[in-house]
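Where a number appears in this text, it was derived from the coordinates with a stated rule and is not lab data. Keep in mind that this is a model prediction, so the values were computed, not measured. Glycine also receives a Cβ, built like all others from the backbone with ideal geometry; neighbour counts cover every protein chain displayed.
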Amino acid sequence: MVGSSAGTLRVASRIAIVGGGIGGLAAAAFLHRAGLPSVVYEQTPQLREVGAGLVLAPNAVRLLRRLGAMDRLRDRAVPLDVGWEFRRWADGRVLSAENLAGSCERLYGERTYTVHRADLAHAIGAAVPPDAVQLGKRCTSVTVRGDTAELAFADGTSAEADVVIGADGVHSTVRGAMIEPATATYSGICAFRALVPADRAPGFARRRAQTLWIGPGHHLVHYPISGETAVNLVAFAPAGDYTVESWSATATVEEFLAEFAGWDPRLQELIKGAGTPGRWALLDRAPLGRWSHGPVTLLGDAAHPMFPFFAQGAAQSIEDAAALARCLAQDTHAPARALQRYESLRIGRTTRLQEVSHARAHVNHLPDGPEQEARDASLAGADPLVASGWIYAYDAEAEETARV
């Protein structure tokens with residue numbers, strides 16, 4: 001287990017980031033912007049982002065803009081005109097919708113966008129020096145030695161660092177070295193994801209809208225990505241005995257269709273246009289009580305894996321990266337203290353998002369009946385853009401500065 005330390009961050013600071021996904025690259029980019037060099041150790045032989053689309057809300061966009069990433073996404077990110085367009089499963093009747101085109105920017109200073117994960121990773125990675133990323137480096141262990149930590153890799157090499165940032169995802173090796181492993185519980189929900197080329201998608205799905213179809217035990221979300229050349233689908237259904245938690249696992253279009261049999265025929269048409277769907281089980285993990293131990297900390301899904309029902313997983317990794325870079329830059333002589341400060345700034349917010357995301361599954365999946373009718377009436381009178389102000393108005397860098 002990793003013990004605590006109050007060491008000194010050296011002038012030629014050695015900061016190791018384990019994991020080259022969105023969170024790890026964002027950490028390297030924000031650290032570079034703060035004048036702190038780092039090295040990203042990524043296990044794959046080339047940088048790539050599996051998966052498909054994601055939503056970039058204002059809390060992430062304002063941070064990405066400071067990295068120059070939004071300029072690089074200009075032709076790929078899709079600004080949403082409509083969000084939270086809830087539709088009834090059987091006939092597509094719109095239960096509620098939010099106009100984002102003007103109100104989002106007026107309230108929060110930024111639009112909401114949709115983007116392919118690969119495009120986002122490329123845009124963030126462009127803000128990282130090329131020699132700061134080492135590929136084919138699968139971390140197998142982390143050992144603290146006084147004020148430093150040693151990383152061991154599967155290829156037999158090792159590296160010493162003054163700070164280690166575990167951005168290695170839900171199955172984090174770094175987390176496993178820091179705390180006793182907690183058993184993930186079975187959520188009973190699995191997710192499908194797929195891309196539909198725009199020329200094979202019905203017109204309603206090509207709009208600049210984030211649409212959620214909700215029904216008994218299921219819901220499905222779609223929106224355009226990749227410069228409006230494709231439509232992203234992500235859907236949630238009962239898992240049965242399916243327990244594979246992997247972004248690389250796949251299903252068939254027929255299995256995807258079967259889960260939504262009897263739903264609006266237009267939705268069936270959309271699913272039929274998809275390529276090979278991915279499928280993974282959502283496993284439930286309780287929020288961690290601590291992330292940082294001596295010179296080692298966690299970031300993103302390694303620290304706070306959350307259900308995707310608030311579309312904030314990537315955004316919270318980006319917020320983590322921005323806050324962590326500020327903390328280290330402002331306390332270079334005491335990295336352990338800086339990491340503890342980072343944890344104290346972030347853990348309450350991410351825990352709250354984990355909890356509200358978890359609760360949303362029940363609301364979206366209500367069977368038809370009185371409770372569903374009450375939910376639908378509530379949706380019709382809601383203003384989710386204003387209600388989510390605690391998420392979207394937040395500035396991770398300003399928050400860190402305010403509490404120095």
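Compute the FRET efficiency between Arg93 and Asp131 as 1/(1 + (r/R0)^6), taking r as their Cβ-Cβ distance and R0 = 51 Å, and round to the nearest 0.05. Please list the in-between numbers first.
On the way: r = 55 Å, r/R0 = 1.08.
Efficiency for this residue pair is about 0.40.
Tell me which residues come under 5 Å, amide H to amide H, from Ser96 once H is placed; ignore anything under 5 positions away on its chain.
Those qualifying (amide H under 5 Å, at least 5 residues apart or on another chain) are Phe86.
Rounded to the nearest 20 debye, what is the charge dipole size of the chain about its Cα centre when +1 sits on each Lys and Arg Cβ and -1 on each Asp and Glu Cβ? It would help to have the intermediate numbers written out before the result.
Working: 39 positive and 44 negative charges, 140 e Å.
So the magnitude is around 680 debye.
Explain nothing, just compute: Karplus ³J(HN,Hα) = 6.51 cos²θ - 1.76 cosθ + 1.60, θ = phi - 60°, for every residue of the range 112-121 in order, whole Hz, x for Gly and Pro.
9, 10, 10, 7, 6, 4, 4, 5, 5, 4
For Kirkwood radius over Cα pairs in Å, several values are listed as (1) 22.3; (2) 25.3; (3) 21.7; flag the one computed from this structure.
Matching entry in (1) 22.3; (2) 25.3; (3) 21.7: (3).
Quick one: which residues, 5 or more positions from Thr140 or on another chain, have an amide H under 5 Å from its amide H? H modelled 1.01 Å from N in the peptide plane, none for Pro or chain starts.
Counting only residues 5 or more places away or on other chains, the set is Ala152, Phe153, Ala154.
Please check which bits of the range 46-77 a label hung off Asp155 would reach, taking the label as a point 7 Å along Cα-to-C-beta and the cut-off as backbone N under 15 Å.
46-47
How large is the convex hull of the Cα atoms of the range 262-404 per residue, expressed in Å³ as a whole number? Provide the component values of the computation, followed by the final result.
Details: hull volume 22.6 nm³, N = 143.
Convex hull of Cα atoms, per residue: 158 Å³.
If I take every Cα pair under 8 Å that is 6 or more residues apart in the chain, average their sequence separation and divide by the length, what percent do I get for the relative contact order?
Details: 894 pairs, mean separation 94.9, N = 404.
Relative CO of the chain lands at 23 percent.
What is the range 125-241's relative contact order, in percent, from Cα pairs under 8 angstrom and six or more apart in sequence? Working shown, then result.
On the way: 160 pairs, mean separation 21.2, N = 117.
It rounds to 18 percent for the range 125-241.
What number, rounded to the nearest 500 deg cm²/dmol, is the helix-based mean residue ellipticity at 222 nm of the chain, given -39500 (n - 2.57) per DSSP H run of at least four residues and division by all its residues?
Details: 15 runs with 139 residues, N = 404.
Value at 222 nm, helices only: -10000 deg cm²/dmol.
With labels modelled as points extended 7 Å from the Cα through the Cβ direction, what inter-label distance (nm, one decimal) is found for Glu397 paired with Ala261?
5.3
Suppose a student asked you for the relative contact order of the range 198-346, using Cα pairs under 8 Å spaced at least 6 residues apart; what percent would you report?
Value for the range 198-346: 16 percent.
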